[in-house]
1. Using 1/(1 + (r/R0)^6) with R0 = 45 angstrom and r between the beta carbons of residue 211 and residue 77, what's the FRET efficiency to the nearest 0.05?
2. Expected output is a single nm value to one decimal: the length gained when fully extending between residue 28 and residue 293, i.e. 0.36 nm times separation in residues minus the C-alpha distance. What is it?
3. So if the hydrodynamic radius of region 2-382 is defined as the Kirkwood radius over C-alpha pairs, what does Stokes-Einstein give as its diffusion coefficient at 4 °C and 1.567 mPa s, in µm² per second?
4. Going by a ≥ b ≥ c, the root eigenvalues of the Cα gyration tensor, does region 247-393 fall in the rounded group (a/c under 1.5), the prolate group (a/b larger than b/c) or the oblate group?
């Protein structure tokens, strides 16, 4: 095992172990959690297993490929990635494939796979925002020269996402605020921004209510239904999916029902994605659910540790941003399944049924590993130079 890490998997060994463990486990768990998908869309479980396996292999390749690249290219790629993200989001806005009335996906021709543009946009925004924070670090006290130029990309990306994916837009904007706070943006400006956004959102809600034909917030009714259903009684049939998710967790007990033996997963929509945590607890129990939480926390801890060791503020900002993004997605999935949070579309990183989210998550982790690998190479080079210098003396 040590030889594999030394020769092939460079970077932080703990991150590699957890990432590969979760990716491998996802193959077993997703295969167990897809009865509802087979029931709704047809086909065989084996078909969906092969599809997920393809995504897992692509995700691992993306992680492996990028972790050996020089992180200096990330700064050069940040602006290009941001522009590409805008183009993809605009394309999705007009031509996206709709699922559950939300046009979030781009269908890839000939291969029958879909790509969610917001998954790429999340990483692109974090990278570009980090670059701007470094570039404008001496001007952040100025509204015109510092704060507004830094804020503009955040508003554009989140504004393009919010129409069809409100929860993702809110989470991404919150992460952007955290990165801006870490980047030493004045707290007063962040507070005024937060207050103005709340007021603007309520204004948009009022306009949508008064003039629904304008369709400024076309999914407003969906958001309201999710919020109000969350607050209604458990016996309300419209709240069945959240109730079943909670019952699945209860049914799991301490040790779980066993792999493939969960019953309520067959009645939970998106048991393999948006309600992954509920299905996981039902079959593997509270004991392993706690271990899963600790694995995500360890990932975040390792990311923060790497971010604080790097010599580049740019790397510090985006590594922290990626770490918080992964943990927030996992947290929201858990909170939805335990009915702490209204139903929304956030799956478990590295575990939920594969797609663009799985590939982009793995790619993001590979970027972090590239920073560690680069740092280790510099240390080895310095060490060799010191040894050579001592030998000459």
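Derivation of every value follows stated rules applied to the coordinates shown; laboratory data play no part. From a predicted model like this one, the values you see are computed outputs, not experimental measurements. Because the Cβ atoms are built from the backbone with ideal geometry, glycine has one as well, and the counts that use them run over all protein chains shown.
1. 0.60
2. The residue 28-residue 293 span can extend by a further 93.5 nm.
3. On the way: Rh = 21.8 Å.
Diffusion coefficient, whole number: 59 µm²/s.
4. Working: a/c = 3.37, a/b = 2.60, b/c = 1.29.
Verdict is prolate for region 247-393.
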